[in-house]
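Reading through the structure tokens given below for one structure.
The values are calculated or read from the model by the stated rules, or taken from the named source; none is laboratory data. This one's a predicted model, so the numbers in the text were calculated from it and none came from an experiment. Note that each Cβ is placed from the backbone with ideal geometry, even for glycine, and that neighbours are counted across all protein chains shown. Heavy atoms of the whole protein, side chains included, go into the accessibility calculation; ligands, DNA and RNA do not. Shrake-Rupley method; radii C 1.70, N 1.55, O 1.52, S 1.80 Å.
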Amino acid sequence: MANRGPSYGLSREVQEKIEQKYDPDLEQRLVDWITAQCGGNLEKPQPGKQNFQKWLMDGTILCRLINSLHPRGKEPIKKIPETQMAFKQMEKISQFLQAAEAYGVTTTDVFQTVDLWEGKLYLLMQHGSSPKDPNGSGEFGSNPVTILEFTDEQLRQGQSLIGLQMGSNRGASQSGMTGYGMHRQIM
């Protein structure tokens, strides 16, 4: 967690909005789901955002979680070292994030390692195909991963198109451009 003093003005307003979005019930459901998914032999954290963050911050639980979503013997993270060195803990979180993307979580749904370390994380994951959902509600496994498959012809057609987000250079010229320091005529 970052060692920061009190916030004022806009920073304080933003921090208060983030705090309002934090859902203690969701935290408790996530803790229950994670412990059930990882085998139930995890020590649960005390309720609260900071305790939940500290619980996940060393990366061990996250690595165990992503490994539990794969069949035995095909886990993406082979070795999960217990360490107190910050850079090694951050490395484990990075391994979890890479494995989560390979599992099917979109890049835009994944948090950054520093978000967890600075306490800016208020939702872990929406995805997760969990047969071990403790409530049996399917809430954590309710977002299926969509896999798009394209034919070779469709892929070839896409190579010749320029996407609209790339803009266009049609009609572009340097007419009207002047050198630096020159005055512009404004009418």
- Determine whether the range 21-36 contains at least one residue that is closer than 23 Å to Cys63 by Cα, among the β-branched types (Val, Ile, Thr) and over 18 Å from the mean Cα position of the chain (by Cα). yes
- What about Gln98, is it open to solvent by 30 Å² or more (accessible area, probe 1.4 Å), free of Cβ contacts under 8 Å to residues at least 24 places away in the same chain and under 18 Å from Leu116 (Cβ atoms)? yes
- Note on the structure: Within the range 11-62, restricting to residues that are open to solvent by 80 Å² or more (accessible area, probe 1.4 Å), part of a loop (DSSP other than H, G, I, E, B) and under 23 Å from Pro81 (Cβ atoms), the one that is modelled with the lowest pLDDT is Asn41
- Which of the residues belonging to the range 79-95 are of a type in the set (A, V, I, L, M) and open to solvent by less than 20 Å² (accessible area, probe 1.4 Å)? Ile93
- Message: Looking at Pro71, Pro76 in this structure, which one is free of Cβ contacts under 8 Å to residues at least 12 places away in the same chain and either surrounded by 12 or more Cβ atoms within 10 Å (Cβ to Cβ) or under 24 Å from Glu101 (Cβ atoms) (or both)?
- Response: Pro71
- Cβ-Cβ below 6 Å, separation at least six or inter-chain, first residue in the range 19-34 and of a type outside the set (Gly, Ala, Ser), second open to solvent by less than 40 Å² (accessible area, probe 1.4 Å) and modelled with pLDDT under 85: which pairs? Tyr22/Lys49; Leu30/Leu124; Trp33/Phe140
